[in-house]
Amino acid sequence: MRRHALFLLGLACLPWLHEVARAAGESSLTRGVIGAMAESGSSSRDTRRRAIEAIPFNRMPAAERRLAEQAIERTTLYRRLPTASIACDAALLDFVLSKPETLVEVWRVLGISRLTFDPVAAGQWRLSDGYGTVGVVQLLHHERGDRGGLYVFHGRGAYDGPLAPKQLTGSCLVVLRYTTDADAATGRQRQSVQIDAFLDVDGMGLEIVTRSLQPLIVHSAASNLHEISLFMSQFAAAAVRNPAAVSRIADRMTRSTPADRTTLVALASGRQAATAAVQGPGAEQVQAELAARWMTTDQLDALQKR
């Protein structure tokens, strides 16, 4: 059940450019599960209306509010993704959403992605998947409360590669909400994540997008969200079980600051510090366990050449 490497905000930022839906070796069971997830989302007018009404425009800075409103006005395709569940503390999810480059670098260290997500300013990142997709992502607004949080991202990107006859460009607004509950079995927190995505495809009308691109967009977005949620749950579980091993993996995250590396492991493990020796598998075994479900970068390269 191996799938393509993950695309953090690519679940809504130009997701049709990411061939995760075509991953080699995907089982019929996996296709059925992801297909069912995609069908459980919604693009209805009523869902879209309620999603827009719930965006806190009045609490956003003027410039960010205008950018969000323009994105909604120009939307070619709207989609509410099926709700995802992540077994981790809210503090870890908040940290990863505020500093997505840390999770992306974990994938790089594990050898399952060539994606880069580099900070260029406070709340802004430049991304590249290594296969022709580039873009810029901005955090427009975020709120946190006792029972959950809200993040509003804006992304603009382009694809120039063999999957399209000419360069494709587009933008999106991603509204992510999460609510926190306790897992009855483990006692740890579990986060329910809901995403509303407003996508604009430059130069393509609604009819073309609906007929030709919507099935792939919906499938890819649901698949990416599912895989990201699964990975975060597995990463948090590994950190709880053996924080020392995960800390040694984090030491290889050379693009992140030492403070961010320490915070990531501490939040994932639920400990103030994650350097004490703990019995369990070593860093190499934990790395293998975390990467086992996903393709290596060499496998991804081979897939691109087909």
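Each value in this text was obtained by applying a stated rule to the coordinates, not by laboratory testing. If you're wondering where the values come from, they're calculated on a predicted model, not measured in any experiment. Please note: Cβ atoms are built from the backbone with ideal geometry, for glycine as well, and neighbour counts cover all protein chains shown.
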At residue 285 and residue 114, where each label point lies 7 Å from the Cα along Cα→Cβ, what is the point-to-point distance in nanometres?
3.3 nm
Near residue 260, within a Cβ-to-Cβ distance under 15 Å, what is the net charge of the other residues, with Lys and Arg +1 and Asp and Glu -1?
0
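Sort 182-190, 259-267, 116-124 by packing, meaning the average of other beta carbons within 10 Å per residue, with the highest value first. Write out the running numbers ahead of the final one.
Working: 182-190: 11.8, 259-267: 19.8, 116-124: 13.7.
Top to bottom by mean Cβ count within 10 Å: 259-267, 116-124, 182-190.
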At what distance in nm do the modelled label points of residue 169 and residue 136 sit from each other, each positioned 7 Å from its Cα along Cα→Cβ?
1.2 nm
